[in-house]
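Working notes for the structure below.
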Ligand SMILES: C[S@@+](CC[C@H](N)C(=O)[O-])C[C@H]1O[C@@H](n2cnc3c(N)ncnc32)[C@H](O)[C@@H]1O
């Protein structure tokens, strides 16, 4: 099938076939989350990871980024480490593993009787060469005001100190924490007709970090449309795709409602 891919649309396709229709070096940023180790049955679709990774390498611009949010299953007491196997495969495809970030969940941690409670997922940051964009997010420092700080260590090993104003903001670390569930991930009730919504703020933070206004932001497995909604909010051009017609409908409705709310607030 041949279609013209237009930004600001959500498509019902297997993303492997969809990416074949996309031009090479087209996407600035991908923010996506695959089905985790068949933890959930997304309407029974088979997941062909290798072809998805290859497709992402082809469609990503030089200097573009793929954010891959993923976790492992525990099978017979053994963690699959699929997340890391996937990361190694992305490297084989040509991506750099620019960072391995942690998405820490403030609530609903996964409890095990004989291990510590799991409260995180991985956010792999893959780059096609040196990243074109990094707009670092900052957070407030704990200590601020004035303090005597070391500025030079002389040959006598005596620290020299000077009174300096401490910075009130610093670049965030690579562990990001989010509330999940209704009111945490999003307030959009309709999104929860999808079984695995990730937090809007997570998508937003990556979009702000790795892209600029007008850039193409892609989610090949967009589920309820979280990445698309956040890309639209920040004046990026979104392209969403999901293999499930049912989820595409949810995502489209969610986006429509968001746009209606925006125009209502604008009046
Ligand atoms: C973890 S969910 C994504 C959830 C999304 N981040 C959100 O916030 O709603 C994974 C999605 O991948 C979709 N999917 C699985 N295989 C796919 C494929 N080959 N092409 C496109 N979508 C696929 C599933 O239908 C499911 O909606």
Report the residues of the stretch 1-27 in range of a label on residue 245: point 7 Å along Cα→C-beta, backbone N strictly under 15 Å from it. 11-14
Separation in nanometres of the label points that stand 7 Å from Cα toward Cβ, at residue 26 and residue 134: 2.9
With a point put 7 Å past each Cα toward its Cβ, work out how far residue 174 is from residue 187 in nm, to one decimal. 3.4
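Between residue 119 and residue 234, what FRET efficiency follows from the Cβ-Cβ distance if R0 is 45 Å, with the result rounded to 0.05? Show your work: numbers first, answer last.
Numbers: r = 28 Å, r/R0 = 0.62.
The pair residue 119/residue 234 has a calculated efficiency of 0.95.
What FRET efficiency, computed as 1/(1 + (r/R0)^6) with R0 = 45 Å and r the Cβ-Cβ distance, is obtained for residue 167 and residue 259, rounded to the nearest 0.05? If you can, show how the numbers build up before the last one.
Working: r = 39 Å, r/R0 = 0.86.
Between residue 167 and residue 259 the formula returns 0.70.
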Relative to the chain, whose Cα atoms define the longest principal axis, helix 49-59 and its Cα axis are tilted in degrees, nearest 10, by 80
Semi-axes in Å, largest first, for the stretch 69-121 (Cα gyration tensor, √(5λ)) are 25, 15, 6
Expected sort for 134, 192 with the fewest Cβ neighbours (10 Å cutoff) up front is 134, 192
Please state, as a whole number in µm²/s, the translational diffusion coefficient that the Stokes-Einstein equation yields for the stretch 201-267 at 25 °C and 0.890 mPa s, with Rh defined as the Kirkwood radius across alpha carbon pairs. 202
Please determine, in degrees from 0 to 90 and to the nearest 10, the orientation of helix 82-93 with respect to the longest principal axis defined by the Cα atoms of the chain, where the helix direction is its Cα long axis. 90
If you fit an axis through the alpha-carbon atoms of helix 245-266 and take the longest principal axis of the Cα set of the chain, what angle between them do you get, 0 to 90°, nearest 10? 60
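In terms of the ratio Rg/(2.2 N^0.38 Å) built on C-alpha atoms, what value belongs to the chain? Don't jump to the answer; show the numbers that get you there.
Details: Rg = 20.9 Å, N = 267, 2.2 N^0.38 = 18.4 Å.
For the chain, the normalised Cα radius of gyration comes out at 1.14.
Kindly put 151, 178, 238 in sequence by how many other C-beta atoms sit within 10 Å of each C-beta, fewest to most.
151, 178, 238
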Hypothetical label at residue 51: residues of the stretch 16-33 whose amide nitrogen lies under 11 Å (7 Å Cα-Cβ projection): 16-20
Along principal axes, largest first, the alpha-carbon spread of the stretch 46-145 in whole Å comes out as 53, 44, 18
For the stretch 170-236, take the convex hull of the Cα atoms, compute a quarter of its surface area, and give me that in nm², please. 5.0
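Bear in mind these aren't lab numbers, they're just calculated from the coordinates by the rules spelled out. No experiment lies behind these values; they were computed from the predicted model shown. Neighbour counts are summed over all protein chains in view; Cβ atoms, including those assigned to glycine, are modelled from backbone coordinates with ideal geometry.
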